[in-house]
Amino acid sequence: MSYHVNEKGYYGNFGGAYIPEMLYPNVEELRSKYLKIIHEPDFKQEFELLLKDYVGRPSPLYLAHRLSERYGAKIFLKREDLNHTGAHKINNTIGQILLAQRLGKKRIIAETGAGQHGVATATVCALKGLECVVYMGEVDIERQAPNVARMKMMGATVIPATSGSKTLKDATNEAMRDWINNPVDTHYIIGSVVGPHPYPDMVARFQSIISEETRWQLKEKTGTESADYVLACVGGGSNAVGMFYHFLEDEQVKLIAVEAAGKGVHSGKSAATTALGREGVLHGSRSILMQTNDGQVVEPYSISAGLDYPGIGPQHAHLHTIKRAQYVNITDDEALKAGLLLAQLEGIIPAIESAHALAYLEKMKFKGETVVVCLSGRGDKDLATYMNYFGLG
Amino acid sequence: MNRLQTLFKEKKDPILSIYFTAGYPDLNSTLDIAEALEKAGADFLEIGFPYSDPVADGPVIQNSSQKALENGMTLNLLFEQLRDLRKRVSIPVLLMGYVNPVLQYGVENFCHAAAEAGIDGVIVPDLPMYEYEELYRNCFEQHQLSNIFLVTPQTVEDRIRKIDDLSNGFIYLLSSSATTGKNLAVSTDTESYFARIKAMKLKNPTMIGFGISDKESFNKAAQYTRGAIVGSAFMKLLGAPDYLSRIPKFIQSLKN
Ligand SMILES: Cc1ncc(COP(=O)(O)O)c(C=O)c1O
């Protein structure tokens, strides 16, 4: 059973490139060149150097003592929150900007939910002196204000998406429309393992550094590069794919992907895609999608802007279907509590997205197992939400 | 031969096609609008079935789609409305929309229902050529549904040839790579693109769409192809309360 994309762009039944002809030339250019470019020695050298000196990789694998004690397991946090710009998103934007440069593109567009991908894109555009336009849902602009300011300070133009639920899905629609209207010279840096082939595979490869490092770090710390459980949150699924990547073939490792249940899976205000969705096509790929019987996409909800998306990447749909990974969900309340707990036990304030992965520890039973949780981002952007929720300050 | 193929075979004058979204502005206006368009002189129709996330569309069709969905339009309901289509309308009619509603309806069911209603062709912009060939083509051809592919100024020649081979109605030339509703700005670039396609002597007829809004742009399109498709400009007219009575004048203003 293969866990990766085949030559037609599919993971089992999922994937493909469901795009209008207007996007075909750009996507086809990318498809025919991405593997060759990312394997060129000069690309690899520049990518690795930037990850080291600019992003600050390798990110630490931290044994969280008090958290471990509380749950009776050996819990390691993969500290993507310590990356430059504060999340895993920059691993992908560094890769894609180097690719865009080699394709001769002059203008970069992106969608963003929590703003972390928007910030990571604005950052690499500043680094390379390229024009940057970021689409962001009006609702997200409000709840992630610090990230909007950061993007603007780095010279990006932030355009509000005002259709639909005014969140990540709608920002993605607008970015795709921009790309249709700017068919030459523009590269679209998609921020997760979603979109038409080759995006899910390309983004997965750039994010796979997370598990590549984790394995040698585990070996250093525990004597074996394997673990019992690996957990990550899933919006589109890029930190999870990056965290799972080099564990996929290590079949004894249980992979747990945590989706956002919002106010509860059956509350009508949720973003728990695998629990609520069916096979469908959105944003260029066939995957699992929250939708009506008529095939209309259902507006998702999560307190976490980065998980507030009605789909998941096609590789996740595949891993879910073949049961290589387990898909679970966590409510707003559970996530916020887990965020507070980490702050108080370990002195680390996690992004609300990452807090969803942490919250699942509460539901597991341990007998001293080795567990890795991907701490995909830091919580600075979410302080207002935490303060409000807990009545702090 | 379906009605669409017959039209292209027999008609000598420029061909005018009109797009409108089913369920907009009123849930049950679909057949009234279709009938009024035929009476006013439209040569064929594209009836859009709405989708929540129409990425290839500009604001006008985004809004009409959203309104139609709010009104309660679904593919199921549309096929119910279309039961009387052939009692009231004799010109060719195509269905146009995104792939996900078709997938949920079921490809076989969709083809069957479309053929039953007297539909002649289908335009699904986000259905890839590969999936069409593998999973849709047989079903479409069995039910005499012409599948319409799009071509943009960036589509390379090999691919246009391939599209020509797979087509059996007409080829939909986009005036530029754009979402719907942008006015056609005829430049030397667009004219040389139209001329380039014309010189390819494709087997299938071509029509120009996206950005055709008035007599001038319609005539320009007809210089290079068999005619043009008007969408957003017509959808704007449907925003007026007395839209049905405005249709004849609108069609006359496009034709001569
Ligand atoms: C910190 C953090 N984690 C996770 C996500 C969700 O994205 P993905 O599922 O692609 O990792 C985001 C998205 O904005 C994020 O900012």
*How many Å² of accessible area per residue for chain A, probe 1.4 Å?*
35
*Provide the per-residue ³J(HN,Hα) series for the stretch B:105-116, in order, calculated from phi with Karplus coefficients 6.51, -1.76, 1.60 and θ = phi - 60°, each as a whole number of Hz, with x at glycine and proline positions.*
5, x, 4, 4, 4, 5, 4, 5, 5, 5, 5, 4
*asked:* Give me, ordered by chain and number, the residues 5 or more places off A:Cys132 or on other chains with an amide H under 5 Å from its own placed amide H.
replied: A:Ile108, A:Thr157
*Go through B:Pro125, B:Leu135, B:Leu37 and say which Cα lies farthest out towards the positive end of the charge dipole of the stretch B:15-255; charges sit on Cβ, +1 for Lys and Arg, -1 for Asp and Glu.*
B:Leu37
*asked:* Which of the three applies to chain A, rounded, prolate or oblate, going by the alpha-carbon gyration tensor with a ≥ b ≥ c and a/c under 1.5 meaning rounded?
replied: rounded
*asked:* Buried by at least 50 Å² relative to the chain on its own: which residues of the stretch B:92-109 qualify, computing accessible area with a 1.4 Å probe on protein heavy atoms?
replied: B:Asn100, B:Leu103, B:Gln104
*What fraction of the DSSP beta bridges in chain A is antiparallel, stated in percent and rounded to the nearest 5?*
30
_To the nearest hundred square angstrom, how large is the accessible surface buried between B and A, total for both chains, probe 1.4 angstrom?_
2800
*Fraction of accessible area attributable to carbon and sulfur, the stretch B:15-255 (%, probe 1.4 Å)*: 47
*Taking accessible area as the heavy-atom solvent-accessible surface of the protein chains with a 1.4 Å probe, which residues of the stretch A:268-315 lose no less than 20 Å² upon going from the isolated chain to the full protein assembly?*
A:Val281, A:Arg286, A:Asp294, A:Gly295, A:Gln296, A:Val297
*asked:* Please list 3J(HN,Hα) in residue order for the stretch B:137-154, calculated via the Karplus relation 6.51 cos²θ - 1.76 cosθ + 1.60 where θ = phi - 60°; whole Hz, with x for glycine and proline.
replied: 4, 3, 5, 4, 5, 4, 9, 6, 9, 6, 9, 9, 9, 9, 9, 10, x, 8
_Overall form of the stretch B:15-255 per C-alpha gyration tensor (a/c, 1.5; a/b vs b/c)_ = oblate
*Within the stretch B:15-255, what percent of beta bridges assigned by DSSP are antiparallel, to the nearest 5?*
0
*With heavy atoms of protein chains only and a 1.4 Å probe, what residues of the stretch B:119-151 have at least 20 Å² less accessible area in the full set of chains than alone?*
B:Pro125, B:Asp126, B:Pro128, B:Tyr130, B:Glu131, B:Leu150
*For A:Glu279, which sequence-distant residues (separation of 5 or more, or a different chain) have an amide H within less than 5 Å of its own amide H, given hydrogens modelled in the peptide plane?*
A:Leu289
*For the stretch B:1-146, what class follows from the C-alpha gyration tensor (a ≥ b ≥ c being the square roots of its eigenvalues): rounded when a/c is under 1.5, otherwise prolate if a/b is larger than b/c, else oblate?*
rounded
*asked:* Less than 19 Å apart at the alpha-carbon level, and either on another chain or at least 8 residues along: which lysines does that give for B:Lys255?
replied: B:Lys11, B:Lys12, B:Lys39, B:Lys215, B:Lys220, B:Lys236
*asked:* Give the aspartates and glutamates reachable from A:Lys367 as a straight Cα distance under 16 Å; neighbours fewer than 8 places away on the same chain don't count.
replied: A:Glu69, A:Asp228
*With every protein chain left in place, what is the accessible area per residue of the stretch B:15-255 in square angstrom, probe 1.4 Å?*
37
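The values are calculated or read from the model by the stated rules, or taken from the named source; none is laboratory data. Everything numeric here is computed off the predicted structure, so don't read it as measured data. Here the Cβ is made from the backbone with ideal geometry for all residues, glycine too, and neighbour counts use every protein chain on show. Side chains included, ligands, DNA and RNA excluded: accessible areas come from the protein's heavy atoms. Shrake-Rupley method; radii C 1.70, N 1.55, O 1.52, S 1.80 Å.
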